[in-house]
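Only one structure is covered here, and it is reproduced in the block below.
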Protein chains: 2
Amino acid sequence: MTITITAFERSPDGGKGLARDTRVRWALEEVGQAYAVRLVSFRAMKEAAHLALHPFGQIPTYEEGDLALFETGAIVLHIAERHAGLLPDGANARARGITWMFAALNTVEPPILELANARLLEGDKPWSKERMPLVEDRVRNRLKQLSARLGDADWLDGAFSAGDLMMVSVLLRLRSSGILDGYPNLSAYVARGEARPAYRRAFAAQLALYTGKPPTG
Amino acid sequence: MTITITAFERSPDGGKGLARDTRVRWALEEVGQAYAVRLVSFRAMKEAAHLALHPFGQIPTYEEGDLALFETGAIVLHIAERHAGLLPDGANARARGITWMFAALNTVEPPILELANARLLEGDKPWSKERMPLVEDRVRNRLKQLSARLGDADWLDGAFSAGDLMMVSVLLRLRSSGILDGYPNLSAYVARGEARPAYRRAFAAQLALYTGKPPTG
């Protein structure tokens, strides 16, 4: 059955790979599943046809036969459960890999989203300059804890898993802020993720929408 | 095997059931699994023994034999996967139930956490009064979309699932703000969740830590 995901017709990041379809593309590349992409405009994302697929009017969505999913974490987990390569075999190790997915999305990403809001939505407000250090400290608090746990390991729990895929994707949102530079082991962890051939194919595929050139993989 | 979870020795909410152990207690009650609770002080949460269990120094954790998990979403999913009662039987319906878990934690909860931060951590800042409406609007934007999707259904996708458990738990954090009152179908949805016998047992169990009275169920 064909897998079809949705992506921004014009991503707000202009092809930096930070839109959430990159996370799903990466997962599909890791497990070697081909997929089709349907592009959605900002206007169409808020219309009934797309809202039927995604109640919060976002991308990505995932369609495969009569299954329709939204929410990146759920899509990546679905892919990881049905194909080898993104979760370990043992039941306990598998549960721990899934734990890191939730940790990325519910513990590490919320302060990063708050920082993005502070910059994009409140950057012109009178309180922006004074407030920014508080918001950055909330991010640093999490990074410090994550850095301590990762130590000098390559990945968060044994071999690369969907938990790492999600954590690297979340941390990538911090690159432009420079905050990640304060945590060399996390910077190296993110670089390891980006160096994976599957990530590079996913990145190239989303970038090709902007350059007009087909991905060369 | 005994299941042991951790909870705050003194929850910051004083027994309102908003600490995240209530979500795990609720899941265990829905599937009829007995559990033990180990209480952790604020100081002990930041010490090495607890950080080995939970790298972000929070509660709850989950221990069962040689399995140790953290992160509420992962724990509830683990319980839902191993016992009947929290996810439907069909593969597609099951994937959709999991989707609502992620939607609760990664799409609906982040703006609610931002609102909590605005109140608890920035309530005394000079920008608080002017900024609050912006933060509340981000919450309302999500509630409006969720309300439109729920419509007049009892639960988000068919029968009650772990997705509803998580969404109700997330929305409960808004009760004191009054924001939920603007969405009668969401208020009724939350009330349906709270009326479930399993929720009532979970709520009573966490409250008993404060009243000193054993839960009466």
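One residue stands out among those in the stretch A:74-131 that are of a type in the set (Asp, Glu) and over 19 Å from the mean Cα position of the chain (by Cα): the one that is farthest from A:ARG149 (Cα to Cα), which is A:ASP124. Selection of the stretch B:53-78 for residues being touching a strand residue (DSSP E or B) at 6+ places or on another chain (Cβ under 8 Å), β-branched (Val, Ile, Thr) and within 20 Å of A:GLY73 (Cβ to Cβ) yields only B:ILE75. Beta carbons closer than 7 Å, at least 6 apart along the sequence or on distinct chains, never pair a first residue in the stretch A:138-153 that is free of Cβ contacts under 8 Å to residues at least 12 places away in the same chain with a second that is crowded, with 16+ Cβ neighbours inside 10 Å and charged (D, E, K, R).
Scanning the stretch B:135-156 for residues that are over 18 Å from the mean Cα position of the chain (by Cα) and not in a helix (DSSP H, G or I) turns up B:GLY151, B:ASP152, B:ALA153, B:ASP154.
When A:VAL37 is tested against (1) outside any loop (DSSP other than H, G, I, E, B); (2) under 20 Å from B:PHE70 (Cα atoms), only condition (2) is not met.
Is it the case, given these coordinates, that B:ALA74 is more than 7 Å from chain A (Cβ to nearest Cβ) and at negative phi? Spelling it out, it is not the case that B:ALA74 is more than 7 Å from chain A (Cβ to nearest Cβ) and at negative phi. For the stretch A:9-32, what are the residues that are over 17 Å from A:ARG201 (Cα atoms) and crowded, with 21+ Cβ neighbours inside 10 Å? Correct list: A:SER11 only.
Does A:GLY15 qualify as being touching a residue at least 40 places away in the same chain (Cβ under 8 Å), over 15 Å from the mean Cα position of the chain (by Cα) and at positive phi? Here the answer is no, as A:GLY15 does not meet what is asked. Return the residues of the stretch A:157-190 that are of a type outside the set (S, T, N, Q), at pLDDT below 95 and part of a helix (DSSP H, G or I); say none if nothing qualifies. Residue satisfying the conditions is A:ARG175 alone. Take B:ALA34 and decide whether it is more than 14 Å from the chain's Cα centre (by Cα) and of a type in the set (Gly, Ala, Ser). So B:ALA34 fits the description; yes. Looking at the stretch A:165-182, which of its residues are touching a helix residue (DSSP H, G or I) at 6+ places or on another chain (Cβ under 8 Å) and either away from chain B (no Cβ under 14 Å) or polar (S, T, N, Q) (or both)? Passing the criteria: A:LEU165, A:VAL168, A:SER169, A:LEU171, A:LEU172, A:LEU174, A:ARG175, A:SER177, A:ILE179, A:LEU180, A:ASP181, A:GLY182. Checking each residue in the stretch A:97-150 for being β-branched (Val, Ile, Thr) and under 17 Å from B:LYS125 (Cβ atoms) picks out only A:VAL135. State whether the residues of the stretch A:190-206 include one that is within 14 Å of another protein chain (Cβ to nearest Cβ), under 25 Å from A:PRO110 (Cα atoms) and without any contact (Cβ under 8 Å) to a residue 40 or more places away in the chain. The answer is no, given that none of the residues of the stretch A:190-206 is within 14 Å of another protein chain (Cβ to nearest Cβ), under 25 Å from A:PRO110 (Cα atoms) and without any contact (Cβ under 8 Å) to a residue 40 or more places away in the chain. Looking only at the stretch B:55-68, decide whether some residue is more than 7 Å from every other protein chain (Cβ to nearest Cβ), of a type in the set (Val, Ile, Thr) and over 21 Å from A:GLY90 (Cα atoms). Scanning the stretch B:55-68 turns up at least one residue that is more than 7 Å from every other protein chain (Cβ to nearest Cβ), of a type in the set (Val, Ile, Thr) and over 21 Å from A:GLY90 (Cα atoms). Could you list all residues from the stretch B:60-82 that are of a type in the set (A, V, I, L, M, F, W, C), within 29 Å of B:ALA159 (Cβ to Cβ) and buried (at least 17 other Cβ atoms within 10 Å of the Cβ)? Passing the criteria: B:LEU69, B:PHE70, B:ALA74, B:ILE75, B:VAL76, B:LEU77, B:ILE79, B:ALA80.
Residues in the stretch B:157-179 that are over 14 Å from B:GLU109 (Cβ atoms) and within 16 Å of the chain's Cα centre (by Cα): B:PHE160, B:SER161, B:ALA162, B:ASP164, B:ARG175, B:SER176. If you check B:GLU130, B:GLU114, B:GLU122 for being within 10 Å of chain A (Cβ to nearest Cβ), of a type in the set (Asp, Glu) and in contact with a Ser or Thr (Cβ under 6 Å, 6 or more places away or on another chain), only one passes: B:GLU122.
Summed over the stretch B:83-110, residues that are more than 9 Å from every other protein chain (Cβ to nearest Cβ), outside any loop (DSSP other than H, G, I, E, B) and surrounded by fewer than 23 Cβ atoms within 10 Å (Cβ to Cβ) total 2. Looking only at the stretch A:53-82, residues that are in contact with a helix residue (DSSP H, G or I) (Cβ under 6 Å, 6 or more places away or on another chain), of a type in the set (A, V, I, L, M) and part of a helix (DSSP H, G or I) come to 5 in all.
Residue count for the stretch A:160-193, restricted to those that are surrounded by 14 or more Cβ atoms within 10 Å (Cβ to Cβ) and farther than 24 Å from A:VAL135 by Cα: 8.
The values are calculated or read from the model by the stated rules, or taken from the named source; none is laboratory data. Source: prediction; values computed, not measured. A quick note on method: Cβ atoms are made from the backbone with ideal geometry, for glycine too, and the neighbour counts reach across all protein chains shown.
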